[in-house]
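Visitor: Handing you this structure, nothing more for now.
The values are calculated or read from the model by the stated rules, or taken from the named source; none is laboratory data. Since we're looking at a predicted model, the values are computed, not measured. As a convention, Cβ positions derive from the backbone with ideal geometry for all residues, glycine included, and neighbour counts pool all protein chains shown. The protein model used for the area step is the full one, side chains on, heavy atoms only, and it has no ligands, DNA or RNA in it. Shrake-Rupley method; radii C 1.70, N 1.55, O 1.52, S 1.80 Å.
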Amino acid sequence: MMDIPAYETDNIFARIIRGEIPNTTVYEDEDVLSFMDLFPQSEGHTLVIPKKAEAVNFLDIDPNILGVLIQRTQIIATAINTALRPDGIRLIQFNGEAAGQTVFHLHFHIIPVWQNANMKPHADSSGNGQADPVTLQKLAERIKACL
Ligand code: AMP
C-alpha cells in the first residue's frame, strides 16, 4: 500500500505558485496554474496544478478541486491540440516515488505526441534535458493564442 506523505510547502511547485521560482505560464486563474515543463518529454509538454490545494497526489485532493483541475486540463489540452497539431496527446499523472513521481504537489502532464518522434525521458534534469526558455515562451504563446 502506498503511503501518502505529508505535504511539504517548500516543494518546487508550491514555490512556483508563490512566485519564488519563475515559470513559463500557459494559463492561470484563481484555482489553477498551467506552465511549460522545464524538462519536456516532447515539444509542448505542459503541466497543470491546483493553486489552493495542498495535495501531494491524486488520492490526496478534495474532489471538488479535482473537478475544476481536470476541467481546466481539458481546456488546455484542447488548446495544445489546436496550437501544435500533434498526432496524439498523453495525459499522465504519477502517484508516489515508486510510480515515478518526482514533485509532490499534484499535477497533470499534458504531453503532445508526434508519430515517429522520440519521446524524451521523464523528468530528465540530468543536464541535457532542460529546455531553452525562449523556445518554451514561444510554445506557451502559441498555446495561449488558442485558449
Ligand atoms: P512528476 O515526476 O510527475 O512529479 O513530474 C514533475 C515534472 O516537473 C517533471 O516532468 C519535471 O520535468 C518538471 N519540473 C521540475 N522542475 C520544474 C520547474 N522548475 N519548472 C517546470 N517544470 C519542472
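Visitor: In segment 1-27, how many residues are within 14 Å of the ligand (Cβ to nearest atom), closer than 19 Å to Val56 by Cβ and polar (S, T, N, Q)?
Guide: The qualifying residues number 1.
Visitor: Test Gly44 against the criterion of being over 18 Å from Phe13 (Cβ atoms) and under 12 Å from the mean Cα position of the chain (by Cα), and give yes or no.
Guide: When the stated conditions are applied, Gly44 passes them.
Visitor: Contact list please: Cβ distance under 7 Å, first residue in segment 1-25 and within 11 Å of Leu38 (Cβ to Cβ) and open to solvent by less than 50 Å² (accessible area, probe 1.4 Å), second residue among the aliphatic types (A, V, I, L, M) and within 12 Å of the ligand (Cβ to nearest atom), pairs at least six apart or on different chains.
Guide: Here the result reads Ile21/Ile12; Thr24/Met36; Thr24/Leu136; Thr24/Ala140, each pair linking segment 1-25 to a residue that is among the aliphatic types (A, V, I, L, M) and within 12 Å of the ligand (Cβ to nearest atom).
Visitor: State the number of residues belonging to segment 35-67 that are touching a Phe, Trp or Tyr at 6+ places or on another chain (Cβ under 6 Å) and farther than 28 Å from Ser126 by Cβ.
Guide: Total meeting the criteria: 1.
Visitor: Among the residues of segment 82-100, is any more than 25 Å from Asn128 (Cα to Cα), free of Cβ contacts under 8 Å to residues at least 24 places away in the same chain and surrounded by 13 or more Cβ atoms within 10 Å (Cβ to Cβ)?
Guide: Within segment 82-100 (the criterion being more than 25 Å from Asn128 (Cα to Cα), free of Cβ contacts under 8 Å to residues at least 24 places away in the same chain and surrounded by 13 or more Cβ atoms within 10 Å (Cβ to Cβ)), the answer is no, since none of the residues qualifies.
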